[in-house]
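Shown next, in structure tokens, is the structure this report addresses.
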Amino acid sequence: TDASLPVSAHVLDVTAPQCMSFNLDLDLGLLELEFDEPVNLDNLVVPYISVVGSTTGATVVLTVSDASELTTVTTLRLNITFDDLNNIKLKNALGDMDRVLLQANTVTDLNGNWIEGNLQVNPVSRLNYIADTTAPSLSSAGLDLSNNLLSLSFDEVIDVKSLFPFNI
């Protein structure tokens, strides 16, 4: 005999997902967003995500993501683009980039409910932070003897105050 019971009531999920916290890894260029429920990666709008410094107000609006993946059903990982990562590093040097703002309609849950977003007065706080510990590499150099100019290009943004010309 069949011991199953019929469904007496079915209630649709109409609750929007919420971003609870985030992790920022400046060494690997990763941003992880932790949600209170599973989200749909296919509906992600990366330019609706901003990384913000709470003390300086500095903001970096992400342009795109090189790749995105769900590492768990509620954790979304973004590979930050080269330009966005350098902008975050520059602004992080001025003051800690420790908040994330998500506009309304940044992502949906699995039932199509769009996130309502959060405002500057209610930012998502950073849970974990990994500083950039990888040394920059010299990408190219040029020497203009007519103008006595040495040009150096690196693979990431550098602090020019840390460059000592007499060590070159």
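When 107, 61 are screened for being among the β-branched types (Val, Ile, Thr) and closer than 27 Å to residue 14 by Cβ, only 107 passes.
Counting only residues that are of a type in the set (A, V, I, L, M) and over 16 Å from the mean Cα position of the chain (by Cα), which one in the stretch 3-23 is farthest from residue 104 (Cα to Cα)? Here the answer is 3.
Filtered by the rule that a residue be aliphatic (A, V, I, L, M) and open to solvent by 70 Å² or more (accessible area, probe 1.4 Å), the stretch 125-134 gives 127, 130. Selection of first residues in the stretch 104-119 that are over 10 Å from residue 39 (Cβ atoms) and of a type in the set (A, V, I, L, M) and of second residues that are open to solvent by 100 Å² or more (accessible area, probe 1.4 Å) and not in a loop (DSSP other than H, G, I, E, B), restricted to Cβ pairs under 9 Å at least 6 apart or on distinct chains, gives the following pairs, ordered by first then second residue: 104/114. What about residue 142, is it within 30 Å of residue 39 (Cα to Cα), of a type outside the set (Lys, Arg), without any contact (Cβ under 8 Å) to a residue 12 or more places away in the chain and open to solvent by less than 60 Å² (accessible area, probe 1.4 Å)? Answer is no for this residue. Of the strands (runs of 3 or more DSSP E) lying entirely inside the stretch 1-98, those carrying at least 3 residues that are surrounded by 18 or more Cβ atoms within 10 Å (Cβ to Cβ) are 19-25, 30-35, 49-52, 75-80. Whenever a residue of the stretch 1-22 is closer than 30 Å to residue 75 by Cβ, its partners that are open to solvent by 90 Å² or more (accessible area, probe 1.4 Å), lying with C-beta atoms within less than 6 angstrom and at least six residues away or across chains, give the pairs 13/111; 16/116; 21/127.
For the stretch 123-168, taking the residues that are of a type in the set (Gly, Ala, Ser) and part of a loop (DSSP other than H, G, I, E, B), the one that is farthest from residue 57 (Cα to Cα) is identified as 146. Of the set (1) part of a loop (DSSP other than H, G, I, E, B); (2) open to solvent by 50 Å² or more (accessible area, probe 1.4 Å); (3) of a type in the set (S, T, N, Q), all apply to residue 118 but (2).
Within the stretch 99-115, the presence of a residue that is open to solvent by less than 40 Å² (accessible area, probe 1.4 Å) and more than 22 Å from residue 45 (Cα to Cα) is excluded.
Criterion first (modelled with pLDDT under 95 and more than 27 Å from residue 25 (Cβ to Cβ)) does residue 130 satisfy it? Against the criterion (modelled with pLDDT under 95 and more than 27 Å from residue 25 (Cβ to Cβ)), residue 130 does not qualify.
The values are calculated or read from the model by the stated rules, or taken from the named source; none is laboratory data. What you are looking at is a predicted structure, and each value in this text was computed from that prediction instead of being measured. Note that each Cβ is placed from the backbone with ideal geometry, even for glycine, and that neighbours are counted across all protein chains shown. All accessible areas refer to the heavy atoms of the entire protein, side chains included, with ligands and DNA or RNA removed. Shrake-Rupley method; radii C 1.70, N 1.55, O 1.52, S 1.80 Å.
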